[in-house]
Amino acid sequence: MHSKMIMHSPSIAFVLLSLVVGAGCSNAYTNKLNGNWQGIEVLEMDKPLDVDASVIRFRFADNQYYEYFGTLNYREAGMYYLESKYLFTTDTVNQASTEKVVEIVKLNGDTLFLKMNENSRERILKLVKIQ
């Protein structure tokens with residue numbers, strides 16, 4: 001009976017460790033995203049776009065609610081979730097909105113880079129965390 005316990009212990013330990021590590025990574029990623037972000041640069045095909053990036057803002061809340069303010073007085077808000085390095089948003093302000101997905105290229109305590117495609121052209125939005 002003792003040998004059976006030893007054989008099952010590594011499996012249980014692995015499962016528990018996987019759950020703890022997985023939960024920790026997910027929470028750390030979410031915690032880094034939460035807060036207010038302001039655009040500093042928009043690149044298209046690795047070249048700066050001629051837009052005032054400072055008007056672009058995101059707010060991500062603990063309850064998976066987001067707000068986005070873009071150029072030309074565009075605004076959206078709704079729910080978001082993270083899956084691996086992808087950020088999914090569903091706008092609930094504008095009619096006929098669909099789920100959007102962007103890739104998080106860089107995320108640390110004060111920097112967020114989002115990669116997206118606009119008309120089949122790669123675009124990178126660079127943001128910094130603001131108070």
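In the range 113-131, what residues are part of a loop (DSSP other than H, G, I, E, B) and not hydroxyl-bearing (Ser, Thr, Tyr)? Steps first, please.
The initial filter retains those residues of the range 113-131 that are part of a loop (DSSP other than H, G, I, E, B), namely 119-120, 131.
Matches in the range 113-131: Asn119, Gln131.
Pick out the one residue from Glu83, Glu103 that is under 12 Å from the mean Cα position of the chain (by Cα) and modelled with pLDDT under 95.
It is Glu83.
Collect the residues in the range 74-112 that are farther than 18 Å from Gln64 by Cβ and assigned to a strand (DSSP E or B), keeping them in residue-number order. Give the derivation first.
If we filter the range 74-112 for residues that are farther than 18 Å from Gln64 by Cβ, which is where we start, we get 74-75, 94-96, 103, 105-106, 108-111.
Within the range 74-112, Arg75, Glu103, Val105, Lys106, Thr111 meet the criteria.
Within the range 77-91, residues that are loosely packed, with under 14 Cβ neighbours inside 10 Å have Cβ atoms under 9 Å from residues that are part of a strand (DSSP E or B) and acidic (Asp, Glu) in these pairs: Lys85/Glu103; Tyr86/Glu103, counting only partners at least 6 apart in sequence or on another chain.
State whether the residues of the range 92-115 include one that is touching a Gly at 6+ places or on another chain (Cβ under 6 Å) and exposed (fewer than 15 other Cβ atoms within 10 Å of the Cβ).
yes
Could you grab me the full set of residues in the range 31-60 that are under 17 Å from the mean Cα position of the chain (by Cα) and surrounded by fewer than 12 Cβ atoms within 10 Å (Cβ to Cβ)? Asn31 - this is the single residue of the range 31-60 that is under 17 Å from the mean Cα position of the chain (by Cα) and surrounded by fewer than 12 Cβ atoms within 10 Å (Cβ to Cβ).
The values are calculated or read from the model by the stated rules, or taken from the named source; none is laboratory data. Note that the coordinates shown come from a computational prediction; the quantities given were computed from them, not determined experimentally. Neighbour counts run over all protein chains shown; Cβ positions are idealised from the backbone, glycine included.
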